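The values are calculated or read from the model by the stated rules, or taken from the named source; none is laboratory data. In this text the structure is predicted, and so the values were computed from the model without any measurement. Cβ placement follows ideal geometry from the backbone for every residue including glycine, while neighbour counts extend to all protein chains displayed. Calculation scope for accessible area: heavy atoms of the full protein, side chains included, ligands and nucleic acids excluded. Shrake-Rupley method; radii C 1.70, N 1.55, O 1.52, S 1.80 Å.
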Amino acid sequence: MDSSVSQQWLLLLLTSTAVIVFARADLPGTWELLVENAGVSSMHTAVTRFNTVVLLDRTNIGPSRKMLRKGHCRSDPKDAVLKHDCYAHSVLFDPKTNQIRPLMINTDTWCSSGQFLPDGSLLQTGGDLDGFKKIRKFDPCELNGSCDWVELADVELSEGRWYSTNQILPDGSVIIVGGRAANTVEYYPPRTGAVSLNFLADVEDTQMDNLYPYVHLLPNGHLFIFANNKAVSYDHVVDKIVREYPQLDGGPRNYPSAGSSAMLALDGDYSTAVIVVCGGAQYGAFIERSTDTPAHGSCGRIVATSPDPVWEMEDMPFGRIMGDMVMLSTGDVLIINGAQAGAQGFEQASNPCLYPLLYRPDQPVGLRFMTLNPGTVPRMYHSTANLLPDGRVLIAGSNPHYFYKFNAEFPTELRLEAFSPEYLGPDRANLRPVIEGVPETVRYGERFDVLVSVSLPVVGIVEVNLGNAPFATHSFSQGQRLVKLAVAPSVPDGDGRYRISCTAPPNGMVAPPGYYMAFAVNQGVPSVARWIHLGS
């Protein structure tokens, strides 16, 4: 090849590369590496009211990359890999300092479920093997505290739960729904044992696409339960199905076909609840172990409280399985992580989907999805995404292998990253409010004031939105919820401060009791959250 042709090829290559780099840099959102080695690959992740994060894997996975404290090893003669295990399988992470402390957990938490209780403690239920019927609690603390996992000895699940879903209820109790070979529900604190839910058996197929059902508490007190491609409304007070919804087209959506779901923000008079279900694998991809079968890109959206509900269909820019839907403080939904082909499971997927999406519920069909700045780390099976109080989204995990495996096309991932949505960009810093004062405790229906400061003068309504901390696992954030409070226009309060009069949610059906991140949102830009306790 002569020199002129070589120069032309080089120029073309450089131009193409520049276009690609520009295209990536021009998309909204930024990424940052927080920790190179978290020690564990988080299968389950939850943010606590102390602004720490619980990262949790399974105990029978063999050596992790974080040692337990000296003298705190786990002994299990039935463990096929490590009968004497001195490795941590759960850690506590502080996103402010990026420091990590090992936690001790004794029974297997593989594909288990969880939910925060009204007192701020994390309830964790089920798993595999010796964890099948176990109930655990984690009462959070600061990173330098001594809090750790506690296995409850006086109570256990009525039925073993593996791949089940938890949802906190209006009275502060928790319903535990489904699981492999468990077509039932039960409650914590225990009621009368497991109760049959035949719906789960009816939608079970040869792939078991009824696992990790999507459960949302509607503001009328009933539960929206979605499994495979169907949904019902369930009255948990009398344990009865009170409504059946139309079937959602587009194939199975739950594990192992792994779409995701979110309930959009509750606002106004809180009488309307909208559910979105996005993505999923084609039926048969899991059975056939077809890693290159393209994922679905369709989304269904339904007004679950409507007298005549129908699914409104739309398409994402990418087919996606194992995507996490994170409710942002603004009411938009971030869809992140996952793959574009295959199914959920060990080494069952390919073509990682590195591009996050922003789903903007208030836009018309066809304009709701915005493609965001792509990451560089594939986040496949067993990855998580959680909203942090500072507005960033913590990205953790990805281990598509039975054990930790670092020499693979998609290796076990120990890095922790944060994705910052566009609202945290430097061009919006002057709009970002700071909460100067907020009550620590608020009762249902109570009027209270939030004091904020903003660099630029406030020109519109400053929202005050309450977001809880869900339990994120297997592409679904269990219990995830955002409630937009009724607010009066902000009133200047001197020294660049503004006073906002708010009204707390009316009851536990709209917002179950517990700790919430209170965000002030000014022109789409959220403050750092302050935790408040909501209850009677």
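Some notes on this structure:
- Carbon/sulfur fraction of accessible area - region 67-184, other protein chains in place, 1.4 Å, %: 53 percent
- Residue-averaged [θ]222 nm for the chain, counting only DSSP H segments that reach four residues, each worth -39500 (n - 2.57): -2000 deg cm²/dmol
- Highest-first arrangement of 466-478, 96-108, 69-81, where packing means the average Cβ count within 10 Å: 466-478, 96-108, 69-81
- Shape of the chain, Cα gyration tensor, a/c cut at 1.5: rounded
- Local net charge near residue 231, Cβ-Cβ under 11 Å (Lys/Arg +1, Asp/Glu -1): +2
- The lysine pair tally for region 67-213, using Cα distances under 27 Å and a gap of 8 or more places or different chains, is 12.
- Solvent-accessible surface (1.4 Å probe) assigned to residue 222 amounts to roughly 50 Å².
- Region 197-211 residues near the modelled residue 243 label - backbone nitrogen below 11 Å, point 7 Å along Cα→Cβ: none
- Taking label points 7 Å from Cα along the Cα-to-Cβ direction, residue 104 and residue 315 give a separation of 5.5 nm.
- Percent antiparallel among DSSP beta bridges (both partners in region 434-534, rounded to 5): 95 percent
- Accessible area per residue in Å² at 1.4 Å probe, computed on region 434-534: 36 Å²
- With Cα atoms defining each centre, region 468-485 and region 385-461 are spaced 13 Å apart in the structure.
- Taking a Cβ cut-off of under 15 Å around residue 431, the surrounding Lys, Arg, Asp and Glu residues balance to a net charge of -1, with basic ones at +1 and acidic ones at -1.
- Residue-level accessible surface for residue 230, protein heavy atoms, 1.4 Å, Å²: 90 Å²
- Cα gyration tensor shape for region 42-154, rounded if a/c is under 1.5, else prolate or oblate: oblate
- Backbone N under 20 Å from the residue 146 label point (7 Å along Cα→Cβ), restricted to region 83-124: 91-93, 100-106, 121-122
- Carbon plus sulfur fraction of accessible area for region 229-388, probe 1.4 Å, in percent: 48 percent
- The chain, relative contact order [Cα under 8 Å, separation at least 6], %: 14 percent
- With a 1.4 Å probe rolled over the protein heavy atoms of all chains, the accessible area of 293, 109 falls in the order 293, 109, largest first.
- Pairwise centroid distance, computed over Cα atoms, of region 183-197 with region 264-301, Å: 27 Å
- The apolar share of the surface of region 434-534, taken as the fraction of accessible area on carbon and sulfur atoms (1.4 Å probe, ligands and nucleic acids excluded), comes to 52 percent.
- Within the shell defined by Cβ-Cβ distances under 11 Å, the residues around residue 359 carry a net charge of 0, with Lys and Arg each +1 and Asp and Glu each -1.
- Ranking by accessible area, most exposed first, for 253, 301 with a 1.4 Å probe: 301, 253
- The Cα center of region 92-110 and the Cα center of region 219-241 differ in position by 34 Å.
- Region 434-534: relative contact order in percent, alpha carbon pairs under 8 Å with at least 6 residues between: 36 percent
- Think of region 434-534 as a dipole: +1 on every Lys or Arg Cβ, -1 on every Asp or Glu Cβ, centred on the Cα centre; then among 454, 489, 473, 473 lies furthest on the positive end.
- Residue order for 110, 162 - accessible surface, 1.4 angstrom probe, largest first: 162, 110
- Applying a 4.7 Å Cβ-Cβ cutoff to the chain, the cysteines left without a disulfide-compatible partner are 111, 353, 502.
- Residue 347 accessible area, assembled protein chains, probe 1.4 Å, Å²: 90 Å²
- Dipole moment magnitude, nearest 20 debye, the chain about Cα centre, only Lys, Arg, Asp, Glu C-beta charged: 760 debye
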